[in-house]
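Take a look at the structure set out below.
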Amino acid sequence: MEMIRVLMPILLSIAEQAVESLSGTMDFVEFQAQLAEKLQEAGRSISQAVLEGLEQQIRKDRNLRPQWQICRSGDSKEMLTRFGMIHYARTYYRHRGNGQYAYLVDEQVGYSSHMRMDTQVKSELVSGAADVSYRKSAQITGSSCGTSISGQTVLRSLRGFERPALAKQKRTNRAVLYIEADEDHVASQTGPSIEARLVYIHEGWAETKRRELQNPLYLSSVDEDSYSFWERVWEEVDARYEVDKIETIYVMGDGAAWIQGAFDVFPQATFVLDRFHLMKYVKKAVGSNQEHGKMLRSALRFGNREKMYEVLSQVMGEASTESRRKAIAEAWKYIENQWEGIRQLYKETELRCSAEGHVSHVLSERLSSRPMGWSRAGAKHMANVRVCQANGLSVSQEYVRQMQRKSLPVVHIAEKTVEAQRKKLKRTREMLGNIPVLKGAKSYLYWALQGLSGALA
């Protein structure tokens, strides 16, 4: 592994560019562009040198490959890394005991036989796709790697992103816990819309410049039945809180059937109807009649069921079309079914469910706010990505963690090889220290070479 031989021309070239920039031959923008390319080149060269060093070490030291015999040498492989495309040669081995074949250097660094793109590059594609289209994410990452990547490659990478692992933490005591829920309706490529559900658990609201949730935890579901999803919500609550010591749990939402499933796992919870959805149905019932709207809202606020019936009966009697009567009947049924949630809404005046806004921010912003269709699998994986982001986790790091099904061995080059590289570094520093310009006036070239000398120190 001739690291110094590989690095020296690149580092000297960078120093030369610094000199040229300072002497007035290029502007700063051009200097940065050329510097970025040189640094990418250095990354490719170093990565390739490390792979070649590992390959030579495995090949020469039989103790590193017990029972593995050489079948073929010099098989080339190219791999797209975050520094660009690299090429290296490796040896094909056969295990005497079980007859298995493998490229041992590839196994050392986590490359599978058909893999052509490094996991780090895929992680950047998936991370980018959280906010922009597959095609744009491919363009951005491809540009940084100096190559062209297709949107289909982003899609295939995304399909590997499963439910993010949530950090373990010490269980705490809370007297009150809040669970808010809502869903996004995602356009499907093949049929009816896909329901992407969102639940978030939090400890209340912090009154700063804006109302913020305290310690929120987001969970999503696309392909689970409601009971399985709520079971998972319960497991996360149990992992973070002393459940037996929680005095009150508020479940807040629009009252959909799947949200009511929360009471199968949280039987002592109290349901509070989302004000946004209630007002939507009030508007549906009264239409543009402001006087009826005022009376109906007053009846709901004070829990006056008789007055609510009176107002709805009046608007129904005044309806002039069948479609209008159908809309009133639908609103009436909704208010009837959600009566207890409405009572709790006005009883607990400090409770303000914001699930609609959170669904918009976490899911809809990527899944349904643009004219596009999704497959169920694509919607599920993208919801996983968006929830990972909402929970403050790095999508890129989580993707790498998921792809590394088993821990990779630490990259280790034989000590004698590393020591030889240390000696060459020392000789290089001594050589730079003896260059006359470093002992003379402090010119641009002096500072450039001095910087290079320090980089090798």
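At-a-glance table
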read-out: One residue from 198, 213 being assigned by TED's automatic domain parsing to the domain that holds residue 255 and within 17 Å of residue 381 (Cβ to Cβ); value: 198
read-out: Enumeration of residues in the range 58-88 that are closer than 22 Å to residue 100 by Cα and either basic (Lys, Arg) or crowded, with 18+ Cβ neighbours inside 10 Å (or both); value: 58, 59, 60, 62, 65, 68, 72, 77
read-out: Scan of the range 347-378 for residues that are of a type in the set (Lys, Arg) and part of a loop (DSSP other than H, G, I, E, B), ordered by number; value: 352, 370
read-out: Test result for residue 258, over 30 Å from residue 324 (Cβ atoms), touching an Asp or Glu at 6+ places or on another chain (Cβ under 8 Å) and in a helix (DSSP H, G or I); value: no
read-out: Candidate set from the range 269-295 (those that are within 41 Å of the chain's Cα centre (by Cα) and in a loop (DSSP other than H, G, I, E, B)); member that is surrounded by the most Cβ atoms within 10 Å (Cβ to Cβ); value: 274
read-out: Some residue of the range 107-121 being farther than 21 Å from residue 145 by Cα and surrounded by fewer than 16 Cβ atoms within 10 Å (Cβ to Cβ); value: yes
read-out: Strands (runs of 3 or more DSSP E) enclosed by the range 157-226 - at least 3 residues per element that are buried (at least 21 other Cβ atoms within 10 Å of the Cβ) and of a type in the set (Asp, Glu); value: 176-186
read-out: Residue check, residue 364 polar (S, T, N, Q), in the same structural domain as residue 259 (by TED's automatic domain parsing), surrounded by fewer than 14 Cβ atoms within 10 Å (Cβ to Cβ) and at negative phi; value: no
read-out: Condition check for residue 385: in contact with a Ser or Thr (Cβ under 9 Å, 6 or more places away or on another chain), assigned to a helix (DSSP H, G or I) and either modelled with pLDDT of 95 or more or more than 22 Å from residue 178 (Cα to Cα) (or both); value: yes
read-out: Set 301, 240, 305: member being over 21 Å from residue 354 (Cβ atoms) and out of contact with any Cys (no Cβ under 9 Å at 6 or more places or on another chain); value: 305
read-out: Residues that are within 18 Å of the chain's Cα centre (by Cα) and closer than 25 Å to residue 226 by Cβ, drawn from the range 160-197; value: 161, 162, 163, 164, 165, 166, 196, 197
read-out: Hits in the range 48-63 - residues which are touching a residue at least 24 places away in the same chain (Cβ under 8 Å) and either among the polar types (S, T, N, Q) or part of a helix (DSSP H, G or I) (or both); value: 48, 49, 50, 51, 52, 53, 54, 55, 56, 57, 58, 59
read-out: Of residues in the range 127-152 being β-branched (Val, Ile, Thr) and in a helix (DSSP H, G or I), the one farthest from residue 365 (Cα to Cα); value: 141
read-out: Index of the failed condition, residue 310 passing every other in (1) under 30 Å from residue 175 (Cα atoms); (2) assigned to a helix (DSSP H, G or I); value: (1)
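Listed here are the residues, each with its yes/no results for (1) touching a residue at least 24 places away in the same chain (Cβ under 8 Å); (2) under 23 Å from residue 53 (Cα atoms); (3) not polar (S, T, N, Q).
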position	(1), (2), (3)
76	no, yes, no
82	yes, yes, yes
87	yes, yes, yes
101	yes, yes, yes
105	yes, yes, yes
114	no, yes, yes
117	yes, yes, yes
121	yes, yes, yes
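The values are calculated or read from the model by the stated rules, or taken from the named source; none is laboratory data. Keep in mind that what you see is a predicted model, and the values were worked out from it rather than measured. Glycine gets a Cβ as well: all are built from the backbone with ideal geometry, and neighbour counts include every protein chain shown.
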